[in-house]
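J.: Handing you this structure, nothing more for now.
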Amino acid sequence: MQLRWVVALLAFVFQASIYRAEVMELRMPDIVPSKSDTYLCRGFRIPDNETWYITSLGPILVDPEAIHHIIVITCPTVASVHPVWGCGGAPDPKFPDRGSCRSEKYEFMYDWTKGVEEYRYPKGVAFKVGGDPQYRYLILQVHYSNVSRYDESNPDSSGLKVTYTQDRQPKLAGLMTHSAPGMVEPGRLGIFETVCRMAIPDGRTLRVFSYLVHTHDLGLIASAYRGRNGTLTEMARRSPQLPKSFTPTDVQLRDGDVIVTRCVMYNFDDRPVRNGMTHHDEMCVVRLLYYAEDGEFPPEGICIPVLPPPPPLPPVPAVAAFHRASPFSVVKPSPGQRTWTQPLRRP
């Protein structure tokens, strides 16, 4: 009798761990962009009677050297009735510029930059879309950094492969994007930093389980810290010049926690460099993947900007942190070189 119960229990667990996976490709429809540093978008509507639990996302690349990044967001309505439209960066006269979503409500889901591979959510964790008018559309956004590589005989159909199931998953994921402003003078170190405070209702908790950092050529180290009761806990820290990848972490967030995002830059150009939308500017971005521990969908607007930083927090590690974590040294590269190749010179 006991053996029969054990077999039945194992069979139940086995069946519960299997779901019906489906695949959809979100791709540009063989377009030829004409302006470098333009952002182009395309919308994909999820059928009204379907709810998708996305379990993995990965790039489909025709020419990776022509693209700076690809992202996918979800929102209630698209910003344009055109099949492809402009949504940021340098305007392309071939595509009307409309923004990404008609509504201000949207959620980031995935960000590809050079080196990032397919990301699979942990078992039992998925990003929910559809089944709710608020998340009816998937918006593909592609930032074209070098359009000279395209012509009518060589159009672009890059995009993302989305693997999903319509079987409900136990934990629902979200993606927080923290983008810090700043400016760095020629030949100097600079700090880009932003601070926000978590606003999570009903005493719920979030679990951050992975992160992705992004800067352009000047970034030495990108990091994010949780501030709680005057103590900083590291959530993310990585050199953005290393191959891009989602990196595991494990930090709990509660209502009232503070998130400090900081990037250390070194400017080897002969001009000041500020944060901006083109590859000539800089970016300091840390994306945090998380899920709600009670299984409910993560709330919107959960981290409210704070200025100035709360006084109880100790200073966030800056130059010392990059010396410990970065494989690159603050050495001006040879003329015309815009990548870090020097090994770390430890003090």
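The values are calculated or read from the model by the stated rules, or taken from the named source; none is laboratory data. All figures in this text were calculated on a predicted structure; none of them were measured in a lab. Heads up, the Cβs are rebuilt from the backbone with ideal geometry, glycines too, and the neighbour counts pull from every protein chain shown. To get the accessible areas, we keep the full protein, side chains included, count just its heavy atoms, and leave off ligands, DNA and RNA. Shrake-Rupley method; radii C 1.70, N 1.55, O 1.52, S 1.80 Å.
J.: Give segment 258-271 a look and list any residue that's in a loop (DSSP other than H, G, I, E, B) and either hydrophobic (A, V, I, L, M, F, W, C) or closer than 11 Å to LEU218 by Cβ (or both), or say none.
T.: Within segment 258-271, ASN267, PHE268, ASP269 qualify.
J.: Here's a follow-up. Got a sec? Which of LYS94, LYS105 is over 20 Å from ARG45 (Cβ atoms) and either surrounded by 15 or more Cβ atoms within 10 Å (Cβ to Cβ) or of a type in the set (D, E, K, R) (or both)?
T.: LYS94 is the lone residue from the list that is over 20 Å from ARG45 (Cβ atoms) and either surrounded by 15 or more Cβ atoms within 10 Å (Cβ to Cβ) or of a type in the set (D, E, K, R) (or both).
J.: Still on this structure, please answer the following. Quick test for you: out of ARG168, ARG226, ARG204, ARG149, pick the one residue that is of a type in the set (D, E, K, R), more than 30 Å from PRO33 (Cβ to Cβ), open to solvent by 60 Å² or more (accessible area, probe 1.4 Å) and in contact with a strand residue (DSSP E or B) (Cβ under 9 Å, 6 or more places away or on another chain).
T.: One residue alone meets the criteria, ARG168.
J.: Scan segment 4-25 and tell me whether some residue there is under 27 Å from LEU212 (Cβ atoms), modelled with pLDDT of 95 or more and open to solvent by less than 50 Å² (accessible area, probe 1.4 Å).
T.: Checked segment 4-25: no residue is under 27 Å from LEU212 (Cβ atoms), modelled with pLDDT of 95 or more and open to solvent by less than 50 Å² (accessible area, probe 1.4 Å).
J.: While we're here: Could you tell me how many of the residues in segment 77-114 are out of contact with any strand residue (DSSP E or B) (no Cβ under 7 Å at 6 or more places or on another chain) and of a type outside the set (Asp, Glu)?
T.: Adding up the residues that qualify gives 6.
J.: Take the residues in segment 239-259 that are closer than 15 Å to THR113 by Cα and not hydrophobic (A, V, I, L, M, F, W, C); name whichever of them is surrounded by the fewest Cβ atoms within 10 Å (Cβ to Cβ).
T.: PRO243
J.: Looking at segment 38-64, which of its residues are open to solvent by 10 Å² or more (accessible area, probe 1.4 Å) and assigned to a loop (DSSP other than H, G, I, E, B)?
T.: PRO47, ASP48, ASN49, GLU50, LEU61, VAL62, ASP63
J.: Please state which one of SER158, SER179, SER145, SER153 is under 30 Å from ILE31 (Cβ atoms), without any contact (Cβ under 8 Å) to a residue 40 or more places away in the chain and not basic (Lys, Arg).
T.: Exactly one residue qualifies, and that residue is SER153.
J.: Oh, and also: For the subset of segment 65-82 comprising residues that are in a loop (DSSP other than H, G, I, E, B) and out of contact with any helix residue (DSSP H, G or I) (no Cβ under 7 Å at 6 or more places or on another chain), which member is most open to solvent (accessible area, probe 1.4 Å)?
T.: Result: VAL81.
J.: Please verify whether segment 195-202 includes one or more residues that are in contact with a Leu (Cβ under 6 Å, 6 or more places away or on another chain) and either part of a strand (DSSP E or B) or of a type in the set (Gly, Ala, Ser) (or both).
T.: Yes: one or more hits.
J.: Let me ask something additional. So which of VAL264, VAL208, VAL258, VAL273 is touching a Phe, Trp or Tyr at 6+ places or on another chain (Cβ under 6 Å), touching a residue at least 24 places away in the same chain (Cβ under 8 Å), farther than 28 Å from SER56 by Cα and not basic (Lys, Arg)?
T.: None of the other options fit; the residue is VAL264.
J.: Take residues that are under 17 Å from LEU40 (Cα atoms) and tell me which of the strands (runs of 3 or more DSSP E) falling wholly in segment 113-186 contain 2 or more.
T.: 137-144, 159-165
J.: Hey, THR215 hits all of (1) touching a strand residue (DSSP E or B) at 6+ places or on another chain (Cβ under 7 Å); (2) modelled with pLDDT under 90 but one; which does it fall short on?
T.: Here THR215 clears every test but (2).
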